[in-house]
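Here's the structure, in structure tokens; my notes come after.
Each reported figure results from applying straightforward, stated rules to the coordinates on display, with no laboratory input. The model shown is predicted, which means the values in this text are computed figures rather than measured ones. Glycine also receives a Cβ, built like all others from the backbone with ideal geometry; neighbour counts cover every protein chain displayed.
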Amino acid sequence: MIELPISRPSNRYLVRQRDRRWLHVLGGTLLLASALVAVLFAVGWPRLKATSIHYRLIRLRAEVDHLQQVERGLALQVERERDPARLARRAKALGLVPPSPGDAEVLASRPPEPPE
Amino acid sequence: MSRRRLTLVTVVLVVAGLGVVARAAQVMIVEHGRYERLARKQQRRTITVPSLRGEIRTADGYLLATSASRVAVQVDTHALQYPKLFAVAAAPILGQPASRIAKRLENGPRALWLAQRVERKVGEALRQLAPGAVVLVPDSERLYPLHRLAAAVVGFTGREELRTVGRFGLEQSYETLLAGEPERYLAVRDAEQRQVRLRRLQRGRPGFDLQLTLNARLQAACEAALNDTVASSAARGAAAVVLDPATGDILALASVPSFDPQDPAGSPSRDWRLRAVQDAYEPGSTVKPFVAAAALADGAVRWGERFDCTRRGISVAGHWIHDHADPGRYTLDGIITHSSNAGIVMIAERLNPRQLWQTFDAFGFGRSPRVGLAGEASGLLPPPSRWSRLSPAGISLGQELTVSPLQLAVAYAAIANGGWLLQPRLVQRATGGLDVSNGEPGRRARVLDGALAERLRKMLEHVVEDGTGAEAAVAGYRVAGKTGTAQRATDGHFDDEHHVAWFAGFVPAPHPRAVIVVAVDEPSHDYWAASVAAPCFHNIAEEVVRLLAIPPAAPRLRLAGGGRRGPEAAL
């Protein structure tokens, strides 16, 4: 039996071709994009951090100001509390009396022991 | 016709155009400067923000004056949309009636200072009410944490707009140092007076801090002792000075009645005075040691010579001068110990008036002590050319001259330290190492021979041990000093109603650590120094030995028969 050639759809004439240029373009684009992202990151990240730090600094400065105010207020309160006239009045109210000069005892410094 | 009209219109237009050009040239070229000034005035404004004023501390670190940051609240009354509503909301924040705030907003200027020296949170609360109309400006408040302590020394401040200005005491005298440099800003505004730019023109500098030589605890003790004395003797006032005779440092400078520097208007202005420095009184018998010094230096009195003081007085130039000392024949030491008027007048009459004057002048009487306060009293020491026949007696009795308590303290310090007249010092230093001395601190001039100073020291010790100053004695310590009861000159003459009671001395002998002078002005009940000023001196001296940790001295031996050994025989 003779097989007659039957014409059927075939792709044997289509040759697979690789577009090497496309790959280059793609690679180049990706590289460029990566570089751009890297540059943006390198430039932007510190700026972002700087901005963040700046805001933090503003907050901290305000906090320092506030704490300084508190500290000054407390220092002032301490000064008021240790007013000698006020303490004398309180001591008097508590019945405390200063020692009279005769109550003082002078401790004479002891001369060093002679070496044996 | 139309051509003529055209020509006319052209001419009119050209003339008008020339007019416009001429006016433009006038405005832009001729009057350029004037309009520029007007524009600057309208658009630019220099804002001055005062710096924080310096602190004032005592030598032992107590804070006498300081400044706290506050804000001033300014309201733009034109920008405020609902003033009455704002007033109602602001009233509880400011603690003022709403009607009063509304009235101020209605009648006040465009830029109204609604509140000054308020805390920032109060200012912020007010700004929340009308953010577009309320502006907060940095401000400060002067605070005196120790209230009345050393108030007359420190003084107080006043306000000029937002600037705090020293008005009295050290606050006034050291204004330049304490105030610092204000910060200046240039504010540029647009036509609607909105601020569009703010540029700092000058960086500010806070004021320098001052450290005084005062000892706060000693100062408080002095003020308490003076208050007790004024209350018990119903005196008009009193002053005390405690001075270090080795350095001239003023350890206490008290004046009562005093005032609250936070509210000086609450006390009469006479209480603002620092009596110890700014007032001069007749020193009375406290000057007798200086007459003795002049007599001993001149050799006018022989060793062991006795003066007849048995007549309870002496007649000088037709005037009878009373003597309150017990009648007797006194040596020079006895005259000082018992404060005999007749005896000291006899000695003064032996001296050349010029020599007597020179002695007083050498001890600094009649000259300002220059401690750096405004209105320091120089006292009065008339030159011999203006003396009457009574003057040598008047001067030797401390009646024809006046001295401030500080001057007397400096003079007694010269006896205490072996003859050196010192430059007293009140301000120790300022921050930044600035020189704040008003003269060379420390030794200034030798006015007494060392041996003569020692002789005077012994005389003054006898005053406390056996004489009029017995009430000044401090148990366990050797105290030296002299009483002085002076009549005050009122309306050109002395009377028996106005007195000053003095006690000037030092502790402990023979190596004094503190010179103390007490002056009680016009005591009412009892005016004698021995019973008014000497007990006050005693109270202060007790505090001095306690606070300066001065060890007690061994008492001098008292021999049988009332004799006395010299200090060389002290135990």
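Counting pairs of alpha carbon atoms under 8 Å apart in space and at least six apart in sequence, what relative contact order in percent does chain B give?
Averaging sequence separation for qualifying contacts and normalising by length gives 13 percent for chain B.
Once amide H atoms are placed 1.01 Å from N in the peptide plane, what residues at a sequence separation of 5 or more from B:LEU251, or on another chain, have their amide H within under 5 Å of its amide H?
Amide H neighbours of B:LEU251, under 5 Å, 5+ apart: B:VAL242, B:LEU243, B:ASP244.
What is the spread of the Cα atoms of region B:61-157 along each of their three principal axes, largest first, in whole Å?
51, 22, 21
From Cα coordinates alone, what are the radius of gyration and Dmax values for region B:390-528 in angstrom?
17.0, 54
Return the average number of partner chain Cβ atoms within 10 angstrom of each residue Cβ along peptide A:77-87.
Partner-chain Cβ atoms within 10 Å, mean over residues of A:77-87: 6.
Cut-off is 10 Å between beta-carbons; in what order do B:VAL464, B:VAL518, A:VAL78 appear when sorted fewest neighbours first?
With the fewest neighbours first, B:VAL464, B:VAL518, A:VAL78 line up as A:VAL78, B:VAL464, B:VAL518.
Of B:GLU465, B:GLU349, B:GLU282, how do they rank once you tally other Cβ atoms within 10 Å and put the fewest first?
Ascending Cβ contact count within 10 Å gives the list B:GLU349, B:GLU465, B:GLU282.
Taking every pair of distinct Cα atoms and averaging 1/r, then inverting, what Kirkwood hydrodynamic radius in Å comes out for region A:44-93?
13.9 Å
Would you grab the residues whose amide H sits under 5 Å from the one on B:ARG167? Only those 5+ places off in sequence or on another chain, please, with H modelled 1.01 Å from N.
B:PHE156, B:THR157, B:GLY158, B:GLN172
Provide, for the protein assembly as shown, the number of lysine pairs with alpha carbons under 15 Å apart, each pair being eight or more places apart or on different chains.
Going through the protein assembly as shown pair by pair, I get 4.
If R0 is 51 Å, what FRET efficiency do you get for A:LEU87 and B:THR331 from their C-beta distance, rounded to 0.05?
Computed FRET efficiency for A:LEU87 and B:THR331 comes out at 0.60.
So, how do all the Cα-to-Cα distances of the protein assembly as shown break down into 20 Å bins, in percent, from 0 on up?
Pair shares across the bins are 14, 34, 22, 15, 7, 4, 2, 1, 0, 0.
What is the Cα radius of gyration of region B:180-273 over 2.2 N^0.38 Å, N being its residue count?
The value comes to 1.87.
Quick one: what Rg and Dmax do you get for region B:1-101 from the alpha carbons, in Å?
Here Rg and the maximum Cα pair distance are 30.6, 105 Å.
Which values of log₁₀ I(q)/I(0), to two decimal places, follow from the Debye formula for region B:289-339 at q = 0.22 Å⁻¹ with a uniform point scatterer at every Cα?
Values returned for q = 0.22 Å⁻¹ are -0.89.
Say R0 is 51 Å: what FRET efficiency, to the nearest 0.05, do A:VAL43 and B:GLN42 get from their beta-carbon distance?
0.70
Calculate the all-directions average of the projected area of region B:216-569's alpha-carbon convex hull, and give it in nm².
18.3 nm²
FRET efficiency for A:ILE53 and A:LEU30, Cβ-Cβ distance as r, R0 = 35 Å, nearest 0.05?
According to the calculation, E is roughly 0.60.
May I ask for the angle, rounded to the nearest 10°, between helix B:353-362 and the longest principal axis of chain B, with both axes built from Cα atoms and the value confined to 0 to 90°?
With rounding to tens, the tilt is 60 degrees.
Based only on other Cβ atoms within 10 Å, what is the fewest-to-most ordering of B:THR213, B:THR468, B:THR48, A:THR29?
Least crowded to most crowded, the residues run A:THR29, B:THR48, B:THR213, B:THR468.
Cα-based Rg of region B:255-337 per 2.2 N^0.38 Å, rounded to two decimals?
My calculation over the Cα atoms of region B:255-337 gives 1.73.
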